[in-house]
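Note sheet for the following structure.
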Amino acid sequence: MSPWLGEAEAQAVADVVRGGWITEGPHARAFSDQLNHLIGTPYGVLAPNGTLALALGLMALEIGQGDEVLVPDTTFIGSATAVHMVGAVPVLVDVDDQTFQIDMNRAAAGLTSRTRAIMPVHLFGTACDMTAVLDFAVKHRLAVIEDAAQGIGVTFGGRHVGSLGDVGCFSFFADKTITTGEGGYVACKDQHVYNRLRLLRNQGRLDRGSFIHEAIGYNFRMTDLQCAIGVAQLARLDQVISRKTELLQRYQAGLQRISAVRMLGAAPNAGHVPFRCVLMAQDVRGLMTHLEAAGVETRSFFHPLHRQPGLRAWSASRVEGMHLDDASFPNANYGWDHGVCLPIQPTLSLAEVDFICDSIAEFYGV
Ligand SMILES: Cc1ncc(COP(=O)(O)O)c(C=O)c1O
């Protein structure tokens, strides 16, 4: 799952080092402006990583101690730990059995008088049903924090994910569609929220250099070294997306003949930037062992949050009657039992995809 870094990124970092200004500066401004343009929001702030972008977004929306936030059961743990970090409680909702995105038909079951927000998580390079999420949020007066950590380039109804909720949070970790090593972004459309984000991320100041701190804030900054890499990565975004799409189509062609596997594609009304190539497969653990022996690196599906030992112990003691049993999350369990992610980094060759498809066919005796 290695990133696509080249001469442009090396040159960008060297330029920053030679220039001598390594904290947020001209490259941070350029990266932020370009992200706003891509996402389609007027405002946004950088954050050190996707988890902290989510925590910052929650804080800016004044979600905190004792509040409850609806979070899908299938996601990376950072979605839930960001909620935990601000003192709120993640209340888990099962996912849809086809798309494995949050199932909005089940969200109402998690509502209590303390529910303040919902966190749709756009997984695997496609999107949640944001029409249903936004309707639900209006009906129940909830804030919407989009976890778009995996969502660069992904659209819902023609709009970039992260621009539809109150805040949209992105990650630039090394396995993401574009990377800065570690990095994050919080996009928003409301100026009041933007000003809160700015105060919270920079020690309660709107501008650097002052020792007058008008609010309580923290340090959620990035560096210009990372942002210079980000600008270089954005310049190759179209190339990355078209290469990944080409690889996905090759997988589709190669796996068509194997009835024991089903590839996940775009969710309804959503675009698809194949951040991962996800299969639902029979005997998935056997398949993963077979592929590993053939030298192919795979990733499992996300382990359902209701089964995460740390989170279970903490949540059960906080919310009376919280459902954390397997029976409440059949689809998240199904995903864990059958899902596998195949390599789809842009540096992969078509011949390597063919080899992986042949190895899968061999495993199923096709
Ligand atoms: C869905 C999701 N949410 C949150 C995160 C957290 O991002 P980061 O690793 O940058 O903290 C990730 C990262 O993999 C993710 O995939």
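Scan Ala187, Ala143, Ala149 and give me the residue that is within 16 Å of the ligand (Cβ to nearest atom), open to solvent by 10 Å² or more (accessible area, probe 1.4 Å) and under 18 Å from Val45 (Cβ atoms).
Going through Ala187, Ala143, Ala149 in turn, the sole match is Ala149.
Listed by position, the helices (runs of 4 or more DSSP H) inside the stretch 299-366 whose residues that are under 14 Å from Ile77 (Cβ atoms) and open to solvent by 50 Å² or more (accessible area, probe 1.4 Å) number at least 3 are 309-318. If you check Thr126 against the conditions, is it crowded, with 23+ Cβ neighbours inside 10 Å, polar (S, T, N, Q) and either touching a Leu at 6+ places or on another chain (Cβ under 8 Å) or assigned to a loop (DSSP other than H, G, I, E, B) (or both)? Taking the combined requirement at face value, the residue satisfies it.
Please specify each residue of the stretch 247-270 satisfying the condition of being in a loop (DSSP other than H, G, I, E, B), closer than 21 Å to Leu348 by Cβ and in contact (Cβ under 8 Å) with a residue 12 or more places away in the chain. Can you show your working first?
The first filter runs over the stretch 247-270 and keeps only residues in a loop (DSSP other than H, G, I, E, B), leaving 256-260, 264-269.
Going one step further and asking which of them are closer than 21 Å to Leu348 by Cβ, we end up with 256-258, 264-266.
Hits for the stretch 247-270 are Arg257, Ile258, Leu264, Gly265, Ala266.
Taken together, the residues in the stretch 153-179 that are within 16 Å of the ligand (Cβ to nearest atom) and out of contact with any helix residue (DSSP H, G or I) (no Cβ under 9 Å at 6 or more places or on another chain) amount to 3.
It is to be established whether one or more residues within the stretch 126-140 are under 17 Å from the mean Cα position of the chain (by Cα), within 16 Å of the ligand (Cβ to nearest atom) and closer than 20 Å to His84 by Cβ. Looking for residues that are under 17 Å from the mean Cα position of the chain (by Cα), within 16 Å of the ligand (Cβ to nearest atom) and closer than 20 Å to His84 by Cβ, one finds none in the stretch 126-140, hence no. Among residues of the stretch 62-102 being more than 16 Å from Trp314 (Cβ to Cβ), among the β-branched types (Val, Ile, Thr) and in a loop (DSSP other than H, G, I, E, B), the one that is nearest to the ligand (Cβ to nearest atom) is Thr75.
Among Val133, Val138, Val154, Val161, which is surrounded by 21 or more Cβ atoms within 10 Å (Cβ to Cβ) and out of contact with any Asp or Glu (no Cβ under 9 Å at 6 or more places or on another chain)?
Numbers: Val133 fails: out of contact with any Asp or Glu (no Cβ under 9 Å at 6 or more places or on another chain); Val138 fails: surrounded by 21 or more Cβ atoms within 10 Å (Cβ to Cβ); Val161 fails: out of contact with any Asp or Glu (no Cβ under 9 Å at 6 or more places or on another chain).
Checking each option against the conditions leaves just Val154.
The values are calculated or read from the model by the stated rules, or taken from the named source; none is laboratory data. Everything numeric in this text was worked out from a predicted model, so none of it was measured. Because the Cβ atoms are built from the backbone with ideal geometry, glycine has one as well, and the counts that use them run over all protein chains shown. We work out accessible area using only protein heavy atoms, side chains counted, and drop any ligands, DNA or RNA first. Shrake-Rupley method; radii C 1.70, N 1.55, O 1.52, S 1.80 Å.
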